[in-house]
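Undergrad: The following block contains the structure, expressed as structure tokens.
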Amino acid sequence: MRSLFDMPFEEPEPERLEPESPAPRRRILTVSELTGKVRMLLEDRFTDVWVEGELSNCRVWNTGHMYFTLKDGGAQIRGVMFRSAVRTLRFKAQDGLRVVARGRLTVYDAKGEYQILCEHLEPEGLGALQLAFDQLKRRLSSEGLFDERRKRRLPALPRKIGVVTSLEGAAVRDIIQVLRRRYPNAHIVIRPTRVQGEGAALDIARAMAAIGKVAGIDVVIVGRGGGSIEDLWAFNEEVTARAIAGCPVPTISAVGHETDVTIADFVADLRAPTPSAAAEMVVARRDDFCARLDQLAHRVNATMLTRLHRCESRLRTLEARSGYTGVRGRMAMRGRYVADLAHALGRAVRARMAARERSYQTMRLSLETFDLRRRLARIRSRLIEVDGRLSVASAQTRHRADRQLRSAAARLEALSPLAVLGRGYAVCWNAERTAIIRDAAAVAAGDRVRVTLARGELACEVKKS
Amino acid sequence: MDPTIKDFEAAIAELESIVKKLEEGDLPLETSLQLYERGVQLSRFCHARLEEAERRIEILNERGQLRPAPEAFGEDDETKSKVKS
């Protein structure tokens with residue numbers, strides 16, 4: 001074709017296909033043949049076009065296919081949308097609506113019309129979706145489904161973590177990766193579901209119901225990776241929202257990216273900006289608790305360690321100034337009574353030491369079996385070492401006491417007046433038995449004295465002194 | 001497990017109060033030993049709960065059955081690189 005700009009410079013050339021011009025080989029086409037050629041040309045050339053315009057004559061036939069005309073100020077084109085594509089429409093296509101259509105061109109032979117075979121239709125500016133979104137949000141909100149007091153806290157320690165998403169998407173991998181890194185022994189249960197396309201919302205709802213029934217699941221992450229608003233639409237549908245609200249355990253929604261907000265986000269107990277972030281949230285509370293537990297266990301042990309040290313030093317004191325030395329000296333002079341006393345004391349000391357040893361034993365057992373992680377191993381080994389020293393110390397003390405007792409008893413035996421009397425000696429007392437007579441000058445003839453023998457006693461009178 | 005311990009969070013809270021008591025007052029040895037033993041018990045419970053979960057990934061299928069996830073889901077980059085090194 002010629003350009004308009006050529007006109008001032010050249011006279012238009014005569015058309016080459018003038019009827020009168022001789023055609024050496026005249027080829028006559030039938031209408032069908034020509035239409036077929038045109039169709040091939042168009043179908044070949046316009047396989048994927050986007051066109052915008054205003055809808056008119058829009059009708060859905062009872063076959064389910066939709067026919068319409070798309071027009072702007074200067075032209076119009078016929079369009080058809082087959083049933084399968086019509087079903088994916090989320091808004092009602094009406095005359096007067098400005099839309100963007102995507103499809104390929106074809107020719108309707110019977111009418112000699114070219115038309116667009118529309119695969120996708122969207123309102124300009126996505127106004128219809130926004131409208132649907134706002135309507136549902138308002139409705140669920142008025143039912144109280146978004147109320148703050150409905151929100152549950154995440155468990156500190158989920159036994160099993162439920163994940164509802166597609167197995168094909170990036171979300172499931174992101175979630176697993178974060179959990180593996182931050183919570184290596186996590187038990188994850190994935191309920192695969194389609195997350196976009198026809199029937200996805202219903203699929204998600206069914207998945208939520210199924211995972212809610214698995215024993216031991218304490219939290220559920222539901223979501224998908226990023227995508228267009230169309231891709232994320234299943235999370236804006238009522239059936240999805242209600243299934244999330246009805247989940248028996250706390251839920252985290254994780255749909256798309258930071259900026260994507262869906263109805264699911266409002267209804268879930270917690271909204272995560274991304275699937276990875278959802279996994280982080282699950283782990284965060286666990287980490288907090290782990291740190292607190294470690295710290296508490298450390299403090300308990302440190303306190304008990306101090307306590308043990310104190311006991312140890314008290315035991316040392318006891319060992320150092322135990323009254324044995326004094327007891328030994330006094331024993332020689334005070335006879336059997338003292339011996340008995342000393343014996344009782346020894347027994348008491350031994351009992352006390354045994355009791356103490358038992359408490360140490362208990363303590364040592366607890367400490368030994370107290371399984372803290374590596375960071376506490378050092379403290380434990382110190383404890384065991386101290387404990388070892390304590391056991392040795394108390395054993396030594398007991399030994400010494402035994403030895404001392406035995407030797408005291410032997411010496412007591414040797415010093416006992418009864419033993420001396422047994423060898424034939426006698427003790428001479430004054431009549432009142434208040435003093436032992438050691439000097440003959442202490443008595444005069446006629447005085448009465450008493451004499452103690454090994455067995456029995458004599459009352460005597462001094463004949464001569 | 002121990003019927004006197006409600007759950008992980010309750011155990012942590014009780015452990016906290018025990019630590020406070022032990023640290024604050026100069027309790028008789030007998031009492032502090034009892035507290036200590038309770039503390040050990042609580043701490044053990046918590047650790048058991050922490051270790052309880054198994055490293056496992058399962059798929060809940062359409063029939064409601066739990067099946068181990070395919071290998072591809074069980075391994076992340078980190079473990080892979082660990083195996084390599």
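All of the numbers you see were taken from the coordinates with simple rules; none came from a lab. Nothing here was measured: the structure is a model prediction, and the numbers come from that model. Glycine also receives a Cβ, built like all others from the backbone with ideal geometry; neighbour counts cover every protein chain displayed.
Undergrad: Between the range A:421-462 and the range A:177-235, what is the C-alpha centre distance in whole Å?
TA: Taking the Cα centre of each part, the range A:421-462 and the range A:177-235 sit 110 Å apart.
Undergrad: What does the charge count near B:Leu66 come to, summing +1 for each Lys or Arg and -1 for each Asp or Glu among other residues with Cβ under 14 Å from its Cβ?
TA: +4
Undergrad: If you don't mind, another one. Please give, to one decimal in nm, the separation of the simple spin-label points placed at A:Glu258 and A:Ser141, each 7 Å out from Cα toward the Cβ.
TA: 2.4
Undergrad: Another question about this same structure. What net charge is computed for the residues neighbouring A:Gln76, neighbours being all others with C-beta under 12 Å from the C-beta of A:Gln76, Lys and Arg scored +1, Asp and Glu -1?
TA: -1
Undergrad: Would you mind ranking B:Ser32, A:Ser465 so that the residue whose beta carbon has the fewest other beta carbons within 10 Å leads the list? Could you put the intermediate results ahead of the total?
TA: Numbers: B:Ser32 20, A:Ser465 13.
Ascending number of Cβ neighbours within 10 Å: A:Ser465, B:Ser32.
Undergrad: Continuing with the same structure: Would you mind getting me the FRET efficiency between B:Leu66 and A:Arg292? Use the beta-carbon distance for r and R0 = 25 Å, nearest 0.05.
TA: Details: r = 32 Å, r/R0 = 1.29.
Efficiency computed from Cβ-Cβ geometry: 0.20.
Undergrad: Oh, and also: Under Stokes-Einstein, with the Kirkwood radius over Cα pairs standing in for Rh, what whole-number D in µm²/s applies to the range A:27-79 at 25 °C and 0.890 mPa s?
TA: Values: Rh = 13.5 Å.
Here the translational diffusion coefficient equals 182 µm²/s.
Undergrad: Right, another one. I'd like the FRET efficiency for A:Ser228 and A:Lys37, computed as 1/(1 + (r/R0)^6) with the beta carbon distance as r and R0 of 35 Å, rounded to 0.05.
TA: Details: r = 38 Å, r/R0 = 1.08.
E(calc), rounded to 0.05, equals 0.40.
Undergrad: A follow-up question, please. Which entries in the list A:Lys92/A:Lys151; A:Lys151/B:Lys21; A:Lys160/B:Lys20; A:Lys37/A:Lys111 go over 24 Å, if you measure between the two C-alpha atoms of each? Can you show the working numbers first?
TA: Working: A:Lys92/A:Lys151 35 Å; A:Lys151/B:Lys21 35 Å; A:Lys160/B:Lys20 33 Å; A:Lys37/A:Lys111 15 Å.
Over 24 Å apart, Cα to Cα: A:Lys92/A:Lys151; A:Lys151/B:Lys21; A:Lys160/B:Lys20.
Undergrad: For labels at A:Gln76 and A:Ala445 in the simple 7 Å Cα→Cβ model, what's the distance in nm?
TA: Rounded to a tenth, the inter-label distance reads 17.5 nm.
Undergrad: Additional query: What is the spin-label model distance, in nm, from A:Lys463 to B:Leu27 if the labels are put 7 Å beyond Cα along the C-beta direction?
TA: 8.2
Undergrad: Starting from 0.36 nm per residue, how many nanometres of slack lie between A:Gln130 and A:Leu421 once their C-alpha separation is accounted for? Present the calculation step by step, with values, prior to reporting the outcome.
TA: On the way: separation 291, 0.36 × 291 = 104.76 nm, distance 12.11 nm.
Residue separation times 0.36 nm, minus the Cα-Cα distance, leaves 92.7 nm.
Undergrad: What do you get when you divide the Cα radius of gyration of the range A:206-265 by 2.2 N^0.38 Å, with N the number of residues? Provide the component values of the computation, followed by the final result.
TA: Values: Rg = 11.6 Å, N = 60, 2.2 N^0.38 = 10.4 Å.
This ratio for the range A:206-265 stands at 1.11.
Undergrad: Okay, next question. Based only on other Cβ atoms within 10 Å, what is the fewest-to-most ordering of A:Arg310, A:Arg224, A:Arg180, A:Arg206? Write out the running numbers ahead of the final one.
TA: Details: A:Arg310 12, A:Arg224 30, A:Arg180 21, A:Arg206 17.
If I rank by nearby Cβ atoms, fewest first, I get A:Arg310, A:Arg206, A:Arg180, A:Arg224.
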